[in-house]
Amino acid sequence: MTAEGIGARVLRKEDKRFITGNGRYTDDMTMQRMGHAAFVRSTHAHARIKSINTDDAMKMPGVDAVLNGHQLVADGIGNIICGWMIHSKDGSPMNMGAYRALESETVRYVGQAIAVVVADTQQQARDAAEAVVVEYEDLPAVVDSLDALKDGAPQLHPEAAGNLIYDWEIGEEAPTDEAFANAAHVTRMDIDNNRLVPNPMEPRSALAHFDPSEEHYTLYTTSQNPHVARLVLSAFYNVAPENKLRVIAPDVGGGFGSKIFIYPEEIACLWATKRVGRPVKWTSDRTEAFLTDAHGRDHHSTAELALDANNKITGFRVKTVANLGAYMSLFSSSVPTYLYATLLSGQYNIPNIYANVKAVYTNTTPVDAYRGAGRPEATYVVERMMETAAKEVGMAPAEFRRINFVREFPHQTPVIMAYDAGDYEASLDAAMKAIDYDGFAQRRTQSEAAGKLRGIGMSCYIEACGIAPSQAVGSLGAGVGLWESAEVRVNAVGTIEVLTGSHSHGQGHETTFAQLVSDRLGLPTESISIVHGDTDKVQMGMGTYGSRSGAVGMSAIAKALDKVEAKAKKIAAHLMEASEGDIEIENGELKVTGTDKKLTFTEVSLAAYTAHNLPEGMEPGLKEGAFYDPTNFTFPAGCYICEVEVDPDTGVVSIENFVAADDFGTIINPMIVEGQVHGGLVQGIGQAMLEHTQYDEDGQLLTASYMDYTMPRADDVPSFTLETTVTECPGNPLGMKGCGEAGAIGSPPAVINAVTDALGIRDMNMPASPNRVWQLIQDNGMKEAAE
Amino acid sequence: MYETKYHRASTVSDAAAMLKNADDGKLLSGGQTLIPTMKQRLAAPSDLIDLRHIGEISGIVKQADGSIRIGAATCHADVAASEDIKAVLPGLADLAGTIGDPHVRHMGTIGGSVANNDPAADYPAALLALGATIETNKREFSAQDFFTGMFETALDEDEIVTAVVFPVASNTAYAKFPNPASRYAMAGVFVAKTGAGARVAVTGAGQDGVFRMPDMEKALDGNWSADAVAGMAPSADNMLSDLHGTAAYRANLVTVMAKRAVAASS
Ligand SMILES: Cc1cc2nc3c(=O)[nH]c(=O)nc-3n(C[C@H](O)[C@H](O)[C@H](O)COP(=O)(O)OP(=O)(O)OC[C@H]3O[C@@H](n4cnc5c(N)ncnc54)[C@H](O)[C@@H]3O)c2cc1C
């Protein structure tokens, strides 16, 4: 343990370059003779392409090439894949429509790429892209998933009859039905989860380069998982074999899931660079980001909760229709299934659960994982139901939750997950105390005196992170293993490079990962560098999403450190003529217990590399690698409570107080964790109050800029009160659970429970925009009541 | 953005000549509307004639009759911070302070804003309520004649706004309900006691841009209080309706903002 070790609030090492404008992002990279790409995109949500005329565009200044899907297919570039196979309840595999990087026959959403122009400058490329004439024959479009399932709905893909991708189930239907038949009370709700646009600050970008003499490609790209990108580009899109393709994800300015996936533009740039014989760069503008970054959420659900006479939950039944957009993005199939329905038990002891999920094609942007990915949708359903059921049976929401909490661990839910550790009551108590729950009634009276409506709502979330045990996910259909790799390279002078397969795009890995090493070896974080994001440097890795970099990525580092320590101890024991078991590592020194004999870590490292005096048979050097495959998911959990005041005249909701009590297990850097929670909360509050992706009936995206898509701003949120409770995760060597998504997962139901409490109503959809809230007040005749 | 040629004018007549000589020229003031439009490739002027460096149309002057003359190229931040304006027309200074964000307020100008006449822009409410005069390189307009509809003004193609003159008034106040996304006005109500009586002008809500509320004005003439306007709303038939607010909601906001403006005005 050191001043910079586990638990220390070390300032972020990476911030100096970010704050001073010295970050190196993909769009900052330039190469000699670099050309710029611009995409010709569909302006129609659903249309047959009759012709693509590139004659005028080809003649424009600076234009090298105008390439389309016919050429792409002819060159053998593979269709875009979905990496998780889901089987419908009848056993049939999911129905996947063909998805090409450039579409030349039928476009299915506005913004879909049809052709790519490469020119000397970005402006020339855009000018030429505008000059490409695409002749369309309009087809009817459908944007809502429920409409898409109706008889006579426009059909998107011949492979998916009725637009149905899969009709999947989990849990036991018959016993669940039985629980409902015997229930003393049933709560039933229709619950929607609104579609979101991810909006990372840095738009997507790709720079591809082909070296003909080596037959070798380099791709700089805005990726959360460059190794997975290389694997997929090489194995499925036939761009190049892995040893001939280097993928670099340099500084990446936020991802929130949207940069996990392999997009048409990266494939097109890699393909085009060889064809035009020059490096090709593309950077999305904000409009393209709105139209083409994979969106998040978009569920329609019907949920039913069965209670016995003692208000214990006996059954939970959920039917969900998930809108996956016009095509299946890389992990889209897993989001509304294994990342969603497996969390429907919440923090509660529910003996019977049955969920049915239909995934549906519509003429909208593809939908995939977005911060929380399935778990926010599950938490929203569970926690809206818990709050409503409590009120219906006349119990305090906290008490109703308390009597249904899981209290014994491990706990096997009816939906796959085995919770390993937790103390749900502890976080509930911490949150209620922090928000002064008991004082709410008085605060409500004060608000009423001022003509305002006041409400309080809670959400006790659980999520599954540390994604994921490879064998388990493999059996559920995942196309990849979800372990992580690490390599600890000790230099001859005792400084250290840690190579990790995790990728940092805002999480602060350069700091927290160094803290782990500092903690173990007693070295300052300054002498520890974290290397990530380059397939030539790091051999293999699975990247960052699902709050996995701590629990999985750092566990791999811990395993590699075990090996480094073991070897260093052997060398030290040999040099100091002591027994290996007597060597301990402390403050950057290797000591013989109970004596004053010691060597510095630098001396031992140097000995490893001079190799003048090593134990018999030992190889020189001090460098160890490890792969860590988790044995289970981790289960961060907590309680969020939101208190709002509503202005009945305008419908404006203001969050007066928001408490988040989280159990993340071991925390490496509380400052960074708080930052992650703050960001997650703002995204969750954004979903609950502000953000709303809307299409018109023809499939045009109406909220395609910040003029209409409401991003949360600093003045939309209060100062948060954060509490932590700790139960260590027994599943990994560090006891960590993960904190990256919790805020976005737990907060939306807390907000909506508070708003419905203020309005005295049961049902409402997100976001709680002023107009919507005002309308609810009119409809329920509450304005007079408040006055 | 398409390629364009940039010109910096140093006098108004200079600017007028540059505009005349250009193929398809456009005046550039703060660029806070024009540049984003060009970046979206929705406008493609061959030439841009920058007005921001013309000394004669910049700055704020308190004139002998007490009126305030604001040069067209004066940015919103200067109006918000002007002690002269705060002293006599505090509602106008407050209004300027609600426009956009600090970047926008330091670049965007009153001339650009009124020439653009965005139906959700803030300034038109103040001009109409206060009976301001819009001066151009050719003539003068009353605010009533100047704003002719959504993004429409009485300006000729080649006409340059040079200043806006605000006569004295008392009890000025502006209450704005911002669009949650853009933070332009969804309903912005400017109230004032002017030489011609009480004035109430509304921006952001109407289908034809800024408009007055004669009923409210009459009520306020007799009784300058929030209660006087409490029961009055414009007809929802004339209100804008979009993703952020229905016509009925906007009509309600006009009432609420009018009440708040009056309450804040004394
Ligand atoms: C993020 C953002 C938020 C904003 N929020 C608000 C808001 O809350 N409320 C609000 O009212 N506005 C808002 N605006 C608009 C802002 O106030 C602009 O500054 C204003 O609308 C235009 O003024 P400008 O000086 O930037 O004009 P420009 O963009 O330079 O020009 C606008 C138009 O007017 C013409 N023009 C400019 N000057 C003259 C002149 N002197 N004579 C004749 N024609 C001229 C130009 O040719 C052009 O057609 C916002 C803008 C942005 C970018």
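Numbers at a glance
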item	result
Evaluated over the stretch B:170-264, the Cα radius of gyration and Dmax, each in Å	12.4, 39
Gained length - A:Glu215 relative to A:Asp192, 0.36 nm times residue gap less alpha-carbon distance	3.3 nm
At 0.890 mPa s and 25 °C, Stokes D of chain B from Kirkwood alpha-carbon radius, µm² per second	132
Helical segments meeting 24 Å axial Cα length and Kyte-Doolittle 0.0 threshold in chain B (DSSP H)	B:247-265
Charge dipole (debye, nearest 20) of the stretch A:103-183; +1 at Cβ of Lys and Arg, -1 at Cβ of Asp and Glu	360
Size of electric dipole in the stretch B:170-264: Cβ of Lys, Arg +1 and of Asp, Glu -1, about Cα centre, debye, nearest 20	300
Per residue, the convex hull volume that the Cα atoms of the stretch A:1-157 enclose (Å³)	253
Shielding by partners - mean other protein chain Cβ count within 10 Å, residues of B:176-183	6
Pair B:His106, A:Glu137: separation of 7 Å Cα→Cβ label points (nm)	5.7
FRET efficiency, B:Asp65 to A:Ala450 (Cβ-Cβ, R0 51 Å, nearest 0.05)	0.75
Highest average packing first - A:419-426, A:202-209, A:299-306, A:752-759, Cβ atoms within 10 Å	A:752-759, A:202-209, A:299-306, A:419-426
If the convex hull is drawn through the Cα atoms of the stretch A:565-612, its volume per residue in Å³	62
Charge dipole magnitude, Cβ of K and R +1, D and E -1 - the protein assembly as shown, Cα centre, debye nearest 20	840
Pairwise Cα inverse-distance average, inverted: Kirkwood Rh of chain A (Å)	27.7
Taking all pairs of distinct alpha-carbon atoms in the stretch B:46-101, Kirkwood radius in angstrom	12.1
Compactness of the stretch B:68-172, expressed as Rg and Dmax over alpha-carbon positions, Å	12.6, 37
10 Å Cβ neighbours from other chains, averaged over peptide B:242-252	5
Under 5 Å, built H, 5+ apart or other chain: amide partners of A:Asp64	A:Val118, A:Ala119, A:Asp120
Two-decimal ratio, the stretch B:1-56, of alpha-carbon radius of gyration to 2.2 N^0.38 Å	1.07
For the stretch A:264-285 versus the stretch A:472-489, the gap between their alpha-carbon centres in whole angstrom	29
Those lysines that a straight Cα-Cα span of less than 28 Å connects to A:Lys433, excepting residues fewer than 8 apart in one chain	A:Lys312, A:Lys391, A:Lys452, A:Lys737
Debye log10 I(q)/I(0) for the stretch A:243-386, one point scatterer per Cα, at q = 0.22 Å⁻¹	-1.31
Highest average packing first - A:606-614, A:170-178, Cβ atoms within 10 Å	A:170-178, A:606-614
Residue with peak Gaussian network fluctuation, chain B [Cα springs, cutoff 10 Å], from B:Ala44, B:Ala169, B:Ala87	B:Ala87
Reachable lysines, given that their alpha-carbon falls under 17 Å from the alpha-carbon of B:Lys138 and they are not under 8 places away in the same chain	B:Lys20
Highest average packing first - A:669-679, A:456-466, Cβ atoms within 10 Å	A:456-466, A:669-679
Over the stretch A:194-262, equivalent-ellipsoid semi-axes from the Cα gyration tensor in Å	25, 13, 8
The stretch A:652-715: translational diffusion in µm²/s, Stokes-Einstein, Kirkwood Rh over Cα pairs, 4 °C, 1.567 mPa s	91
Lysines with Cα under 19 Å of B:Lys86, excluding same-chain neighbours fewer than 8 positions away	B:Lys62, B:Lys176, B:Lys193
Relative frequency of Cα-Cα separations exceeding 17 Å in the stretch A:377-486, percent	68
Counting DSSP beta bridges with both ends in the protein assembly as shown, the antiparallel % (nearest 5)	80
Two-decimal log10 I(q)/I(0) for the stretch A:695-787, as the Debye equation yields it once each C-alpha is a single scatterer, q = 0.18 Å⁻¹	-1.06
For the stretch A:483-628, Kirkwood radius (reciprocal of mean inverse C-alpha pair distance, Å)	15.5
Overall Cα dimensions of the stretch A:31-119 - principal axes, largest extent first, Å	57, 32, 22
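Every number here is computed from the coordinates shown, using simple stated rules; none is lab data. From a predicted model like this one, the values you see are computed outputs, not experimental measurements. Every residue, glycine as well, gets a Cβ built from its backbone with ideal geometry; the counts of neighbours run over all protein chains shown.
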